[in-house]
Amino acid sequence: MSHPEPLNPYAPPQLASDETQRVVRLVAELPPRGPTLWVATVIVLLGSMIIASLAVYLLGVWFEVIPPTRLGLDPTSKSFEPIGAASLNLLLVSVVMSFGQVRSVLFGDRVWSRMVAWGLLLGAGIMFVGSYFLSRGEITDVLLVTPAVLMLWLGIVMYRWYLVLLEVFRKQQRVLRESRKPE
């Protein structure tokens, strides 16, 4: 290995051609994705599409394209700002979650996989707390906890995928460090 510019100590070292090919091949390889990860991806993407459609519907109510009486709101009241803010937040969350899911699963982006995992785990925690406060001690309270359990499972699957991507990244860094050691 030699530096391309001997007077510039910050220039990256040049790797030998066989080492370069080995490093490029290692960087290009992604770990295998199992059926559980694909099922989680489909569920996250479908959930994001449902949330985005609900957000667009609420935006239609806010802009009075859809009559507010369909939601049981008083049409003479013009205080739809909370509905508009909630719909914009829902739309933003659904776009970010679906983009993050695609980036983490298809492209192996460990930052987005961590973000999606923590977002799902945080959402599951919020839903558990909300279902606790909404429960009335009836058998139908299971319907409140079911989405929280699903989000918890999705968060765990995505966090495990993040750990796999992190291990691959550490292996790549180790190979790069070993290939840059002076001989």
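Results for (1) at pLDDT 85 or above; (2) in contact with a strand residue (DSSP E or B) (Cβ under 9 Å, 6 or more places away or on another chain); (3) open to solvent by 60 Å² or more (accessible area, probe 1.4 Å); (4) among the small types (Gly, Ala, Ser), shown as yes or no for each residue.
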{"residue": "Met1", "(1), (2), (3), (4)": "no, yes, yes, no"}
{"residue": "Gln21", "(1), (2), (3), (4)": "no, no, yes, no"}
{"residue": "Leu26", "(1), (2), (3), (4)": "no, no, no, no"}
{"residue": "Ile43", "(1), (2), (3), (4)": "yes, no, no, no"}
{"residue": "Tyr57", "(1), (2), (3), (4)": "yes, no, yes, no"}
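Taken together, Arg103, Arg136 contain a single residue that is on the phi < 0 side of the Ramachandran plot and not in a helix (DSSP H, G or I), which is Arg136.
Scanning the stretch 132-155 for residues that are surrounded by fewer than 10 Cβ atoms within 10 Å (Cβ to Cβ) and of a type in the set (S, T, N, Q) gives a single hit, Thr140.
Close contacts from the stretch 62-73, counting a first residue that is open to solvent by 70 Å² or more (accessible area, probe 1.4 Å) and a second that is not β-branched (Val, Ile, Thr), with Cβ to Cβ under 6 Å and a gap of 6+ residues or different chains, come to Trp62/Phe80; Trp62/Gly84; Thr69/Pro75.
The values are calculated or read from the model by the stated rules, or taken from the named source; none is laboratory data. Values in this document were obtained by computation on a predicted structure and should not be read as measured data. Note that we place each Cβ from the backbone using ideal geometry, even for glycine, and neighbour counts take in every protein chain shown. Keep in mind that these areas ignore ligands, DNA and RNA; they rest on the heavy atoms of the full protein, side chains included. Shrake-Rupley method; radii C 1.70, N 1.55, O 1.52, S 1.80 Å.
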